[in-house]
Amino acid sequence: MSTPAPLPTSPPSPPGPPPRGDDTLARLAAVIESRKAAAGGNPETSYVARLFHKGLDAILKKVGEEATEVVMAAKDGDRERVVAETADLWFHSMIALAHLGAQPADVLAELARREGLSGLDERALRKAREREAQAGNAPAGPA
């Protein structure tokens with residue numbers, strides 16, 4: 001009995017953004033915003049509107065489910081499934097951001113702020129801000 005040939009896998013993606021001139025996150029954020037009740041989103045006909053209607057707990061439950069699916073796909077070593085599940089996670093995270101009045105641009109600005117900063121240094125700075133806020137009973141700055 002011969003061993004079956006391994007299944008073909010996709011080549012790794014090149015580093016950096018895809019070679020396109022569009023802004024997928026901004027367009028998707030606009031669609032998500034359009035599904036809010038204030039914009040006429042209908043929970044009977046729209047999955048996103050239904051999540052908004054159910055509230056933050058339902059949205060966060062989906063974020064948690066999708067995060068778990070990313071972990072499971074990664075543990076299985078399934079690159080294509082990791083990419084697909086990460087897309088689901090990002091999508092549901094964007095719904096959570098919209099529910100809280102934030103946009104993908106806010107996340108991108110935070111990533112840009114952290115660019116070039118050691119993760120250990122960034123964590124130490126965040127902890128120092130938290131200590132200062134607790135000592136002064138003032139709200140912590142951006143973390």
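Of the residues in segment 89-107, none is over 24 Å from ASP23 (Cα atoms) and either out of contact with any strand residue (DSSP E or B) (no Cβ under 9 Å at 6 or more places or on another chain) or of a type in the set (D, E, K, R) (or both). Condition test on ASP121, is it farther than 23 Å from LEU51 by Cα, among the acidic types (Asp, Glu), open to solvent by 70 Å² or more (accessible area, probe 1.4 Å) and part of a helix (DSSP H, G or I)? Against the criterion (farther than 23 Å from LEU51 by Cα, among the acidic types (Asp, Glu), open to solvent by 70 Å² or more (accessible area, probe 1.4 Å) and part of a helix (DSSP H, G or I)), ASP121 qualifies.
Given the structure, is THR68 of a type in the set (Ser, Thr, Tyr), closer than 20 Å to ARG27 by Cα, without any contact (Cβ under 8 Å) to a residue 24 or more places away in the chain and open to solvent by less than 80 Å² (accessible area, probe 1.4 Å)? Spelling it out, it is not the case that THR68 is of a type in the set (Ser, Thr, Tyr), closer than 20 Å to ARG27 by Cα, without any contact (Cβ under 8 Å) to a residue 24 or more places away in the chain and open to solvent by less than 80 Å² (accessible area, probe 1.4 Å). For first residues located in segment 26-48 and among the polar types (S, T, N, Q), partners that are open to solvent by 50 Å² or more (accessible area, probe 1.4 Å) and lie 6+ apart or on another chain with Cβ distances below 6 Å form the pairs SER46/ARG35. Taking segment 124-143 as the range and being surrounded by 12 or more Cβ atoms within 10 Å (Cβ to Cβ) and either modelled with pLDDT of 80 or more or assigned to a helix (DSSP H, G or I) (or both) as the test, the residues that pass are LEU125, ARG126, ARG129, GLU130, GLU132, ALA133.
The values are calculated or read from the model by the stated rules, or taken from the named source; none is laboratory data. On a predicted model such as this, the values are computed, not experimentally measured, just so you know. Here the Cβ is made from the backbone with ideal geometry for all residues, glycine too, and neighbour counts use every protein chain on show. Surface areas here come from the heavy atoms of the whole protein model, side chains and all, with no ligands, DNA or RNA. Shrake-Rupley method; radii C 1.70, N 1.55, O 1.52, S 1.80 Å.
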